[in-house]
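I have placed the structure first, in the form of structure tokens, so that the comments after it can refer back to it.
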Amino acid sequence: MPMYQVKPYHEGSASLRVELPTCMYRLPNVHGRTGSPAPDVGHVQEASDPSLQALESRQDDILKRLYELKAAVDGLSKMIQTPDADLDVTNIIQADEPTVLSTNAVDLNSVLGKDYGALKDIVINANPASPPLSLLVLHQLLCDHYRVLSTVHTHSALKSVPENLLKCFGEQTRKQPRHEYQLGFTLIWKNVPKTQMKFSVQTMCPIEGEGNIARFLFSLFGQKHNAVNLTLIDSWVDIAILQLKEGSSKEKAAVFRSMNSALGKSPWLVGNELTVADVVLWSVLQQTGGCSGTAPANVEKWMRACENLAPFNTALRLLKGLSVTDFKGFSF
């Protein structure tokens, strides 16, 4: 079938002339170039730069390490508590017999420093409007393991403090000379935003926060834990302060679910032994009234186990002895 014809746009073998703008720089016409053929492209690619090879090898090593780190993090994420996930420590913590508190001998000089005969005195400033129950429990436990000289004072800025708080350590009567005690424990009721602790007034900054102070005091018992348990203990203490005490109702509900799951596998929060995690969580539950509602079965059983111990029971009686009018009567 014949097609329509068009006129040629160039004349025979005459070179094609195109009017180019004069504002650009000129390049040679590659279409009209004659001579040797183009170089072998494959041959050029085979001769790669050694520096480029080294860079590629280094990149492969880095990617391999990243994959290994990702696998390690994925493994740890199954054991470590996260804010929005329930705790799962199945088959991680096992022990033969449940124990309340096992301790090892601790050289107080190595922890608190050597004062050349002077009594090592831990000084705590606490606000009477929010008594740190965990520290009162730990004080009782310390008295069971050391000869502790306990004293309670009131800062001059406070006009009145409930009688129960002034006698939170019981009737303190010094039965032996000061130098025969191993540890001093001084509690000062003071208008402070956060509980503070010092054991060397001249050489250290204060440790702030009930959870941080509880960690330090519990270290004086010399408990030994593996890395997994230490991580879980620290995680529970942070959860108690950041989620249970200061978090929303949704966060508190998640904490109860995590506690119920963990306590279904062991009598205490981390294994078969009382730890600072139990002390701090119990204290926060009592302070916030979080246990007044319907708690999961395992949590209720754990609460009763705590309160059956004398240090917890003493702190609980102190809290119940404080009425709302006691707190309203504070003058700062």
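The values are calculated or read from the model by the stated rules, or taken from the named source; none is laboratory data. This structure is a prediction, so every number in the text was calculated from the model and none was measured. In this analysis, Cβ positions are derived from the backbone assuming ideal geometry, glycine residues included, and neighbour counts consider all displayed protein chains. Protein only, heavy atoms only, side chains kept; ligands, DNA and RNA dropped before computing areas. Shrake-Rupley method; radii C 1.70, N 1.55, O 1.52, S 1.80 Å.
All Cα-Cα separations within segment 120-161 were binned at 10 Å from zero, giving a P(r) of 22, 53, 23, 3, each value a whole percent of the pairs. Phi angles of segment 247-253 translate, via the Karplus equation with coefficients 6.51, -1.76, 1.60 and θ = phi - 60°, into HN-Hα couplings of x, 7, 5, 5, 5, 5, 5 Hz per residue; Gly and Pro are given as x. Surface exposure of segment 116-158, expressed per residue as accessible area with a 1.4 Å probe, stands at 38 Å². A Cβ-based charge dipole, computed about the Cα centre of segment 208-261 with Lys and Arg at +1 and Asp and Glu at -1, lands at about 220 debye. In percent, rounded to a whole number, the relative contact order of segment 229-309 is 35, using alpha-carbon pairs under 8 Å and six or more apart. Within the accessible area of segment 135-200, the carbon and sulfur atoms contribute 46%, probe 1.4 Å, all protein chains present. Between the amide H of residue 273 and those of 99, 268, distances stay under 5 Å, these residues lying 5 or more places away or on another chain, with hydrogens modeled in the peptide plane.
Expressed as a whole percent, the accessible area of segment 222-290 that falls on carbon and sulfur atoms is 51 (1.4 Å probe).
What the Cβ-Cβ distance of residue 320 and residue 147 gives, at R0 = 30 Å and to the nearest 0.05, is a FRET efficiency of 0.55.
Put a dot 7 Å past the Cα of residue 225, heading toward its Cβ, do the same for residue 253, and the two dots end up 2.9 nm apart.
For the pair residue 31 and residue 57, the difference between a 0.36 nm per residue extended length and the Cα-Cα distance amounts to 5.3 nm. Ranked by the mean number of other Cβ atoms within 10 Å of their residues, highest first, the peptides 245-257, 180-192 come out as 180-192, 245-257.
On the basis of the beta-carbon distance and an R0 of 41 Å, residue 19 and residue 65 show a calculated FRET efficiency of 0.10. Per-residue accessible area (protein heavy atoms, 1.4 Å probe) orders 23, 168 as 23, 168, starting from the largest.
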